[in-house]
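Written below as structure tokens is the structure these notes are about.
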Amino acid sequence: MGLKNFITHIAAAFCLLASSLFQQAVAEDGYELWLRYEKLEQVPKSAPRSVVAACSDLSPTLDAALSEILRASASILGTPLKQGDRISRHALVLTSEACGATLPNGTLPNADEVGTEGYVLQSTLINGKPVTLIAAQSDIGVLYGVFDYLRRMSSGEAIADLDVISRPKTQLRLLNHWDNLDRHVERGYSGQSIWDWHRLPGYVDPRYTDYARANASIGINGTSLTNVNSDATVLTPHYLEKVAAIADVLRPYGIKVYLTARFSAPIELDGLATADPLDPAVQTWWQAKTDEIYDYVPDFGGFLVKANSEGQPGPQDYGRSHAEGANMLAKAVAPHGGVVMWRAFVYSAEEPEDRVRQAYTEFVPLDGQFAENVLVQVKNGPLDFQPREPFHPLFGAMPETPLMIELQITKEYLGFSTHLAYLGTLWEEVLAADTKTKGDGTTVASVVDGETYDYAYTGMAGVSNIGTDRNWAGSIFDQANWYAFGRLAWNPDASAEDIAREWVKQTFSRKPEVVDEITDMMMKSREAVVDYMTPLGLTHLMGTGHHYGPAPWVDDLGRADWTPYYYHKATRGGIGFDRTETGSDAVDQYAGPVAQEWASLETVPDSLLLWFHHVPWDYEMQDGSTLWQSLVAHYARGITTVAEMQSEWASLKGEIDSERFNQVTDYLNIQHEEAQWWRDASIAYWQSINQLPLPAGEAPPPHDLDYYKSLSFPNAPGQGE
Ligand code: GCW
């Protein structure tokens, strides 16, 4: 080899090395989410060769679909598909009714099959040529179909002989950002708000397009930009211009923008004397404000409202009901096709009754009184996004009022961003729960998707975990929760395990043994958190305000129902909240057979025992152990599961790029330490109350109770006001 050749070789090798190092450094920081489009080891024979839009008109949505295909194919197949203008053999053919399909009659799916957002994926012949058809009524249907197709391709699934029809089971599939205008995210553990209000609209962060792509890829079609603890300022022209700039980016991806409406806005922004919803001046103010919003954002989705809850203003300040408040706003958005999402997360400042009873007490009498375009948004459980709660008794109890379910993607109560807790299983448990309000099989999912009561509107909302962290969600595994939310909103009957598997294949690896291992970790992760934080139906034992770490001893806050003590009621004699007839009787808010099952000590599952019952420490559990033994064993089981997850993850070394591998390893270490902390602090406290020795073989907490009580975290992230 001559010197020149040698130098060229060295230079080429160096470039290769540099580029692979660069790729490692840049490509695997989690930014690409599940849209990594990892190259296939072998390009299948059935892989498409070209893509063509059989349309007379190309909308921005179809442009987005085409560019996603080009980007993905370049990555998955190694070369981008050719973009053709004629249908050739092995083409991917995109088309819709809306784009003026230029295909033979009868090729398009009809509206009965796919509705306004569904699609078909079909291996078929057009003009005698074998093609794959991605077709819908609407262009957004095509985009969803494209993402489905790409998901299959990048998961290494067969893409020959496709015959798929898919349509969403719920209409409104929204993220709810709890983002303040100063970019602080309430209960956010992944950096600041991605909404860069100060630099908008002059600077529109390209990240918003990736946000839109990610959301569209899982079927999310709406986003409420601002915190439900809301600031009226977002409704001023200065901010509406910024909102419009965001809406412009999201529109091609089928995502509508919603805002939170502060009920006292007429007073705060324009000095009205009142915000009474029955006052004509207030009604006129909201109508004008709404019209103004629609001038900026013609397809504005509507308002999300937290009223008369935790200090927020609302109609009850004027002696009016939630329905009267919601209906005033509903009337203002109705001419524009907007909706109002009115939250049922209310509990009184006077604590008149068991907090978990209050939403039901307040809302059930209002059934039938809400305007047609109001949905009442109900958290999955009656308390507050705890690691485990029974389903909310409102599901099934309001046949005349569309009820949306609100899930919390951000892990306020499940370990922030460092604990691995896959929430697919938590949500599946709730959605599959049988309310029995209209006979057996009236699942929460069937209420939410409108099947049971034929609701005019249906929807699911997820409190976002997105922030400015490069990996969006605070951790790689928290991306799975965003993903699972979207997939479940599309199909509330989907299996959490299937969703985990498809996420793993796109995010980490297609190798079956790797997929099995990671899926296994995910599937047991949430129960581990329940075990080491709040087993056996215990709840809300976390640190005051920031909700970080254990603090079951707190019993002296401004109001009783904010204290852990209120929820566990532990004394020398026993532990648990009696919600049967002899106590608050919250169990009675459930349909007969469910109430009976949970009210009886014979039939209540261990997992909800202390949610519904106060029992002595030596109460005999189903497995013959005492309650105290069982409680301590649950803590141990939670820690053991985390240790298992650690070794499963360690066994994947070499299968996962080092950047993501190391971060997950570190986070699992944190989780293990904190699981131990939860166990030790909880046991130290319970023992101070029950004076019982630890069951044989159980190690005593390494510190005394005072030590655990002394820990303080004034700067824990994500705090509220
Ligand atoms: O879970 C609680 C949170 C509050 C939140 C509230 C709500 C936005 O601790 O931070 O406020 O629920 O859902 O309104």
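The values are calculated or read from the model by the stated rules, or taken from the named source; none is laboratory data. Being a predicted model, the structure only gives us computed values, none of them experimental. Reconstructed Cβ throughout: ideal geometry from the backbone, glycine too, with neighbour counts over all protein chains shown. The area values use the complete protein model at the heavy-atom level, side chains included, leaving out ligands, DNA and RNA. Shrake-Rupley method; radii C 1.70, N 1.55, O 1.52, S 1.80 Å.
Please report, in whole Å, how far the alpha carbons of segment 484-531 spread along each principal axis, starting with the longest.
29, 28, 14
When the Cα atoms of the chain are enclosed in a convex hull and the volume is divided per residue, what value in Å³ results?
For the chain, the hull spanned by Cα atoms encloses 187 Å³ per residue.
Accessible area per residue of segment 412-558 at 1.4 Å probe, in Å²?
That works out to 26 Å² per residue.
Sum -39500 (n - 2.57) across every DSSP H segment of at least 4 residues in the chain, then divide by the residue count to get the 222 nm mean residue ellipticity, nearest 500.
Values: 21 runs with 271 residues, N = 721.
Result for the chain, helices only: -12000 deg cm²/dmol.
In terms of modelled amide H atoms, which long-range or inter-chain residues lie less than 5 Å from the amide H of Gly222?
The list, which skips near neighbours in sequence, is Arg173, Leu175, Lys256.
Applying the Karplus parametrisation 6.51 cos²θ - 1.76 cosθ + 1.60 with θ = phi - 60° to the phi angles of segment 156-168, what ³J(HN,Hα) value in whole Hz is obtained for each residue in order, glycine and proline being reported as x?
x, 7, 5, 10, 8, 6, 7, 8, 10, 10, 9, 8, x
Which semi-axis lengths, in whole Å and largest first, follow from the square roots of five times the eigenvalues of the Cα gyration tensor of segment 192-296?
Working from the Cα gyration tensor, I get semi-axes of 28, 14, 12 Å.
Quick one: if you take sqrt(5λ) for each eigenvalue of the C-alpha gyration tensor of segment 482-570, what semi-axes come out, biggest first, whole angstrom?
Working through the eigenvalues yields semi-axes of 36, 14, 11 Å.
Roughly how many debye, to the nearest 20, is the charge dipole of segment 49-147 about its Cα centre, given +1 on each Lys and Arg Cβ, -1 on each Asp and Glu Cβ, and no other charges?
Numbers: 6 positive and 9 negative charges, 129 e Å.
I would put it at about 620 debye.
Roughly how many Å² is the accessible area per residue of segment 107-251, as a whole number, for a 1.4 Å probe?
In whole numbers, segment 107-251 has 32 Å² accessible per residue.
Distance between Cα centroids, segment 357-402 to segment 532-559: provide it in whole Å.
25 Å
Tell me which residues come under 5 Å, amide H to amide H, from Val463 once H is placed; ignore anything under 5 positions away on its chain.
For Val463, whose amide H was placed from the backbone, the distant partners under 5 Å are Asn176, Leu407, Gln408, Ile409, Thr410.
For segment 275-378, what is the convex hull (Cα atoms) projected area averaged across all directions, in square nanometres?
Mean orientational projected area (segment 275-378, Cα hull): 6.5 nm².
Just to check I understand the Karplus step: with θ = phi - 60° and J = 6.51 cos²θ - 1.76 cosθ + 1.60, what whole-Hz values come out for segment 123-131, glycine and proline as x?
Working through the residues one at a time gives 8, 8, 10, 10, 6, x, 9, x, 9 Hz.
Name the residue farthest towards the positive end of the dipole of segment 547-677 from the options Gln596, Ser630, Leu652, assuming +1 on Cβ of Lys and Arg, -1 on Cβ of Asp and Glu, about the Cα centre.
Sorting the options by dipole projection puts first Ser630.
Which lysines does Lys379 reach when only Cα atoms under 16 Å apart count, and residues fewer than 8 places away in its own chain are ignored?
Lys306, Lys411
Give or take rounding to whole Å, what are the principal axis extents of the alpha carbon atoms in segment 347-502, in descending order?
Principal extents (largest minus smallest coordinate, Cα): 46, 37, 28 Å.
List the pair-distance distribution P(r) of segment 417-541, using every Cα-Cα distance, as the percent of pairs falling in each 5 Å bin from 0 up to the bin containing the longest distance, rounded to whole percents.
All Cα pairs considered, the percentages come to 2, 10, 17, 19, 19, 16, 10, 5, 1, 0.
Please name which of Pro693, Thr458, Ser73 has its Cα lying farthest along the dipole of the chain towards the positive end, using unit charges on Cβ (Lys, Arg +1; Asp, Glu -1) and the Cα centre as origin.
Working it through, the farthest residue towards the positive pole turns out to be Ser73.
Quick one: Kirkwood hydrodynamic radius for segment 527-664, alpha-carbon pairs, angstrom, one decimal?
After inverting the mean inverse Cα-Cα distance, the result is 16.9 Å.
Remind me, relative contact order of segment 443-567 in percent, using alpha carbon pairs under 8 angstrom and six or more residues apart?
Reported relative contact order: 11 percent.
Using the crude model of +1 on Lys and Arg Cβ and -1 on Asp and Glu Cβ, and no other charge, please compute the dipole size for segment 552-620 relative to its Cα centre, in debye to 20.
240 debye
Distance from the Cα centre of segment 83-114 to that of segment 140-180, in angstrom?
18 Å
What does the convex hull of the Cα atoms come to per residue for segment 127-214, in Å³?
Spread over its residues, the Cα hull of segment 127-214 gives 181 Å³ apiece.
Report, to one decimal in Å, the Kirkwood hydrodynamic radius for segment 606-659 based on all distinct Cα pairs.
By the Kirkwood definition, the hydrodynamic radius is 13.7 Å.
How large is the charge dipole for the chain, taken about the Cα centre, if only the Cβ atoms of Lys, Arg (+1) and Asp, Glu (-1) carry charge, to the nearest 20 debye?
2500 debye
Can you find, among Gln312, Ile255, Val282, the residue farthest towards the positive end of the dipole of segment 183-329? Put +1 on the C-beta of Lys and Arg, -1 on that of Asp and Glu.
Ile255
Quick one: pull the percent of accessible area on the chain belonging to carbon and sulfur, 1.4 Å probe, ligands and nucleic acids left out.
Taking all protein chains in place, the chain shows 50 percent carbon and sulfur surface.
Please work out the Cα center distance from segment 660-707 to segment 199-235, rounded to the nearest Å.
39 Å
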